[in-house]
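Read the structure below first, then the notes.
Please treat every number below as a calculation from the coordinates, not as lab data. From a predicted model like this one, the values you see are computed outputs, not experimental measurements. So basically every Cβ, Gly included, is an ideal-geometry build from the backbone, and we count neighbours across all protein chains shown.
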Amino acid sequence: DFAIGFTATISKNSTDMLFLELESNEGEVGVNHMRFLSNKDVSDISGMNLEWVRQKAYCGPLFGQLSDDLKENIDAFLAERNIDTGLTLFMQDYIEHKEQSEYLNWLRKFKSFVEA
């Protein structure tokens with residue numbers, strides 16, 4: 001097992017979205033930051049400008065400082081959307097597969113380069 005940092009964006013209506021910065025560690029999903037963004041703020045931008053909008057949005061208190069009830073509700077909210085251990089295990093498998101695929105491709109390119 002290895003830690004994976006990832007993001008998720010959840011939209012519930014046409015005006016707001018929840019942007020989460022998450023990490024998995026030993027199959028468990030951990031919340032680093034939760035930001036609320038307005039769809040109107042992000043609908044026409046991308047790349048670094050979108051990252052700037054995300055970074056300047058208030059990210060809330062540290063997850064560990066929230067009440068146990070609120071943390072449990074957030075975990076349940078994420079689990080209802082399949083942001084859970086199953087997802088993190090899939091991501092680990094996919095990352096390992098992708099790494100092997102990229103490595104084999106790199107070896108083929110290196111061999112071809114040397115033999116040319």
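Run lengths n ≥ 4 of DSSP H only: what is the helix-derived mean residue ellipticity at 222 nm for the chain, with -39500 (n - 2.57) per run over all residues, to the nearest 500? Working shown, then result.
Numbers: 4 runs with 58 residues, N = 116.
When only DSSP H runs of four or more count, the value is -16000 deg cm²/dmol.
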Angle in degrees between helix 47-56 and the longest Cα principal axis of the chain, rounded to the nearest 10: 40
Label points 7 Å out from Cα along the Cβ direction at Asn73 and Ser38: separation in nm? 2.5
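When averaged across all projection directions, what area in nm² does the alpha-carbon convex hull of segment 4-115 cover? Spell out each step's value before the answer.
Values: hull surface 38.9 nm².
Average projection, Cα convex hull of segment 4-115: 9.7 nm².
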Given labels modelled 7 Å from the Cα in the Cβ direction, how far is it in nm from Val114 to Arg81? 4.7
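Which of Met91, Met17, Met34 has the fewest other C-beta atoms within 10 Å, and how do the rest follow up to the most? Working shown, then result.
On the way: Met91 13, Met17 17, Met34 20.
The fewest-first ordering by Cβ neighbours comes to Met91, Met17, Met34.
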Zone of Tyr103 (label point 7 Å along Cα→Cβ, backbone N under 19 Å): which residues in segment 1-23? 1-4
Find how many whole Å separate the alpha carbon centroid of segment 4-23 from the alpha carbon centroid of segment 64-116. 17
Compute the helix-to-body angle for 68-80: its Cα long axis versus the longest principal axis of the chain, expressed 0 to 90° and rounded to tens. 50
Relative to the Cα centre, what is the charge dipole magnitude of the chain, using +1 at the beta carbon of each Lys and Arg, -1 at the beta carbon of each Asp and Glu, and rounding to the nearest 20 debye? 620
All lysines inside 26 Å of Lys12 as judged from Cα atoms, apart from same-chain residues fewer than 8 positions distant: Lys40, Lys56, Lys71
Taking Cα atoms, the helix 85-115 axis meets the longest principal axis of the chain at an angle in degrees (rounded to 10) of 30
